[in-house]
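Down below is the structure, laid out as structure tokens.
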Amino acid sequence: MHDLLLPLTKFDKTVLEKGGVVLVDKPLGWTSFDVVNKLRYAIRHVLGVKKYKVGHAGTLDPLATGLLVICLAKYTKKIEGFMGMDKAYEGTLKMWEETPSYDAELRPSIYHPRIYVSDERVFETARSFLGDQLQQPPMYSAVKKKGVPLYKLARKGIQIEVKKRLINIESFKISRIYWPFMDFEVTCSKGTYIRSLVSDFGKRLNNGSHLATLRRVRVGSFMVRDAWMLSDLISAVKNVR
């Protein structure tokens, strides 16, 4: 897989025309589409072409950071295969508060009594999520119903029944507890919504919780430590001669 990666030092026009895979560390606040669009525009300008294929292998929410696997030119045909790879995340959840989006995008809508539970119960609850299971995607997500993203319906106050999806949680570890926050690490299959996992985690503790921060650190064997910062990548492309 790694022989498909474009060089981390510099590009030339031949490399961009041929295409390949580039890893990007998505900045906070950017959508995955924003990153793809920014890169596509820069490459089109350098190559002097009207069309150029760029796609990513797995969406990250705007409030998440970390690894985006981006395919260029003919390598966009490999996106489906990359999307099937397992993924690893690091993040922080906040107890006692639920939000409609399951993360910090929206203000809390439900506040729970400040009930503390033992560390052992926290760890046992995290372990109870391991394995195959059906997961309910959040209403504030890009999942489509009759061609319309659910988040558009949710923002209009429309609630519909969302079909559960089969996922697999390979590992779910609470690495630090400092109430009301907990740091965690997750390895999971494609299609897993970490926001839903965090929300369900709070419910199993007879409490509420939402996702405070999230960072994707791995997709298959691709690691975020090998990724470009977006600003550096765009500069490298613009300097192609």
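Protein heavy-atom accessible surface, 1.4 Å probe, per residue over the chain: 53 Å².
Look at the Cα gyration tensor of region 43-86: its axes a ≥ b ≥ c give a/c of at least 1.5 with a/b at or below b/c, and that counts as oblate.
Please state, rounded to one decimal and in Å, the Kirkwood hydrodynamic radius that region 85-127 gives when every pair of distinct Cα atoms enters the mean of 1/r.
The Cα-based Kirkwood calculation yields 12.7 Å.
Take His56: with every protein chain present and a 1.4 Å probe, its accessible area is about 50 Å².
FRET efficiency for the pair Asp12 and Glu185, taken as 1/(1 + (r/R0)^6) with r the Cβ-Cβ distance and R0 = 25 Å, rounds to 0.05. Between region 171-235 and region 61-110, the alpha-carbon centres lie 8 Å apart. Legend: residues Lys163, Lys203, sorted from most to least accessible area (1.4 Å probe; ligands, DNA and RNA excluded), read Lys163, Lys203. Its relative contact order, with pairs defined as Cα atoms under 8 Å and 6+ residues apart, puts the chain at 29 percent. When the alpha carbon gyration tensor of region 176-241 is reduced to an equivalent ellipsoid, the three semi-axes, largest first, read 34, 14, 10 Å.
Ligands, DNA and RNA left out, the accessible area of the chain computed with a 1.4 Å probe is 52% carbon and sulfur. Listed values for region 20-25 are Karplus-derived 3J(HN,Hα) couplings in whole Hz (6.51 cos²θ - 1.76 cosθ + 1.60, θ = phi - 60°), namely x, 10, 10, 9, 10, 8, and x replaces Gly and Pro. Going through (1) 18.4; (2) 13.9; (3) 20.5, the figure that equals mean projected area of the Cα convex hull in nm² as computed for the structure here is (2). Can you flag which of Lys77/Lys203; Lys38/Lys87; Lys51/Lys163; Lys53/Lys190; Lys53/Lys173; Lys26/Lys50 are past 29 Å Cα-Cα? Violating the 29 Å Cα-Cα cut-off are Lys77/Lys203; Lys51/Lys163; Lys53/Lys173. Coupling constants for region 106-116 follow from the phi torsions by the Karplus curve (6.51 cos²θ - 1.76 cosθ + 1.60, θ = phi - 60°), and in residue order they are 10, 5, x, 10, 9, 10, 9, x, 7, 9, 8 Hz; glycine and proline get x.
The values are calculated or read from the model by the stated rules, or taken from the named source; none is laboratory data. Being a predicted model, the structure only gives us computed values, none of them experimental. Positions of Cβ are backbone-derived with ideal geometry, glycine not excepted, and every protein chain shown enters the neighbour counts. To get the accessible areas, we keep the full protein, side chains included, count just its heavy atoms, and leave off ligands, DNA and RNA. Shrake-Rupley method; radii C 1.70, N 1.55, O 1.52, S 1.80 Å.
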